[in-house]
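Asks: Dumping the structure here so I can ask a few things about it.
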Amino acid sequence: MRVRFTAEDDENDSITEAAIDNFQIDRTLCEDVQPCPTDTNGDGNTDVDDLVAVILAWGSDDATADVNGSGLVDVDDLLAVILAWGACD
């Protein structure tokens, strides 16, 4: 499970403060877990569509394309998609 929270500053470089209070997860459903993290579009395969998704999100923190969960879409995500090529188990 991943929860990501982002706070950004406007162009005026002022101090930005952000917080989450009273965060709670009531339940999780295991059957909703994606069968393989490299299948970015959920079609059951790791293929060219997933490769393109990683390339288009390159350098960002896009959680869908960040298949290894590092917080950054980079070469490690690209390699993970290539190495997992084919149908998800």
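Asks: Name the shape class, rounded, prolate or oblate, that the alpha-carbon gyration tensor gives for region 36-87, where a ≥ b ≥ c are the square roots of its eigenvalues, rounded holds for a/c under 1.5, and otherwise prolate holds if a/b is larger than b/c and oblate otherwise. Spell out each step's value before the answer.
Replies: On the way: a/c = 1.71, a/b = 1.63, b/c = 1.06.
Prolate shape, in that a/c is at least 1.5 and a/b is the bigger ratio.
Asks: Sticking with this structure for a sec: Please order Thr40, Thr64 by the number of other Cβ within 10 Å, starting at the fewest.
Replies: Values: Thr40 25, Thr64 15.
By the 10 Å Cβ count, ascending, the order reads Thr64, Thr40.
Asks: Do the sum for the chain: with -39,500 (n - 2.57) for every DSSP H run of n ≥ 4, divided by all residues, what is the mean residue ellipticity at 222 nm, to the nearest 500 deg cm²/dmol? Intermediate values should be presented prior to the final figure.
Replies: Numbers: 2 runs with 18 residues, N = 89.
Here the helix-only value at 222 nm equals -5500 deg cm²/dmol.
Asks: Ok, one more. Between rounded, prolate and oblate, where does the chain land on the alpha carbon gyration tensor, with a ≥ b ≥ c its root eigenvalues, rounded for a/c under 1.5, else prolate if a/b exceeds b/c? Could the numbers behind the result be given before it?
Replies: Numbers: a/c = 3.41, a/b = 1.44, b/c = 2.37.
It is oblate, given that a/c is not under 1.5 and a/b is not larger than b/c.
Computed from the coordinates by the stated procedures, all read-outs in this text should not be read as laboratory data. Keep in mind that what you see is a predicted model, and the values were worked out from it rather than measured. Neighbour counts run over all protein chains shown; Cβ positions are idealised from the backbone, glycine included.
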